[in-house]
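The values are calculated or read from the model by the stated rules, or taken from the named source; none is laboratory data. In this text, all values refer to a predicted model and were calculated from it rather than measured experimentally. Counting neighbours? That spans all protein chains shown, and the Cβs are built from the backbone with ideal geometry, glycine included. For accessibility, only protein heavy atoms count, side chains too; no ligands or nucleic acids. Shrake-Rupley method; radii C 1.70, N 1.55, O 1.52, S 1.80 Å.
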Amino acid sequence: ELSTLAVEFNDLTDRLQKTEDGRRQFVSNASHELKTPLASIKLLADSVVQNENMSIEEVQEFLGDISQEITRLTRITERLLLLTRSDVKVQTSLTRVDMSYIVDRASYMLEPMAEHLDIDVRCELSDGCIVLAEEDGIYQAVFNLMENALKYNVKGGSVVVYTYIKDDKVYCIVDDTGIGMPHGELEKVFERFYRVDKARSRETGGTGLGLSIVKTTVEQFGGTVWAENRHPCGSRFT
Ligand code: ADP
């Protein structure tokens, strides 16, 4: 009887540990997801505050963008709240998402960061790159990849993003001329909290979560994501 009890006890502690890990994972992912729209709102608002000569039309355009980001933020918090309720099975609503539109949007939101870092961002986008997915998730994934391409780049460097269709599949490629990754780490970077250069990552406000979120999201919608080194320098995420 004692041994059965011991087994049950071990089983229980295992389950508690898993719940605790799950809780931690949820909290860290949630904070990461909330950071993106918050940072965009801050940048957009600062642009208006710091530019005294803006026309009414320009101000309205910025406010429109801010409003759009707040809507996204609201959707994310609603989904996160749903996820905390064990009695609700969260339904993901798949829609037709235009990858080129998503890249365009992320690129627009990252413009101030690119300018600040003196990095040239170019998008070569094709029409009809439609995937069945959840728009917020895909936006977050593309944003993370493009933000990394800027973060792990060099002054005066460049980022090129492509979307195209080949063999009935939609491709989205993010190329950068940055610091690249050691060959042996090309798969590890997708692990939670994995960072090649801890110091640099911390400097850029990194947590090591971005790529794990990209991988989970892309795979959730039946896609694949991988990393390669580019010649003579930089990385390519497909
Ligand atoms: P974070 O950027 O918050 O550290 P990520 O999960 O987005 O976390 O990335 C994990 C690690 O992968 C980074 O710390 C960095 O070392 C490496 N990495 C990601 N993207 C790139 C890139 N485009 N070029 C070089 N290294 C990268």
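Within the range 103-130, residues that are within 20 Å of Asn153 (Cβ to Cβ) sit with their Cβ atoms under 6 Å from residues that are part of a loop (DSSP other than H, G, I, E, B) and open to solvent by 40 Å² or more (accessible area, probe 1.4 Å), at 6+ positions apart or across chains, in these pairs: Asp118/Lys155; Asp118/Gly156.
Results for (1) surrounded by 19 or more Cβ atoms within 10 Å (Cβ to Cβ); (2) over 23 Å from Val131 (Cβ atoms); (3) among the polar types (S, T, N, Q), shown as yes or no for each residue.
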position	(1), (2), (3)
Glu147	yes, no, no
Leu150	yes, yes, no
Ala199	no, yes, no
Ala227	yes, no, no
His231	no, yes, no
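Here the condition is being under 21 Å from Asn144 (Cα atoms) and not in a helix (DSSP H, G or I); of Thr92, Thr71, it holds for Thr92 alone. Residues in the range 23-37 that are over 15 Å from Leu209 (Cβ atoms) and loosely packed, with under 13 Cβ neighbours inside 10 Å: Arg23 only. When Ser93, Ser86, Ser3, Ser47 are checked against the criterion of being at pLDDT below 90, surrounded by 13 or more Cβ atoms within 10 Å (Cβ to Cβ) and over 27 Å from Tyr194 (Cα atoms), a single residue qualifies: Ser47.
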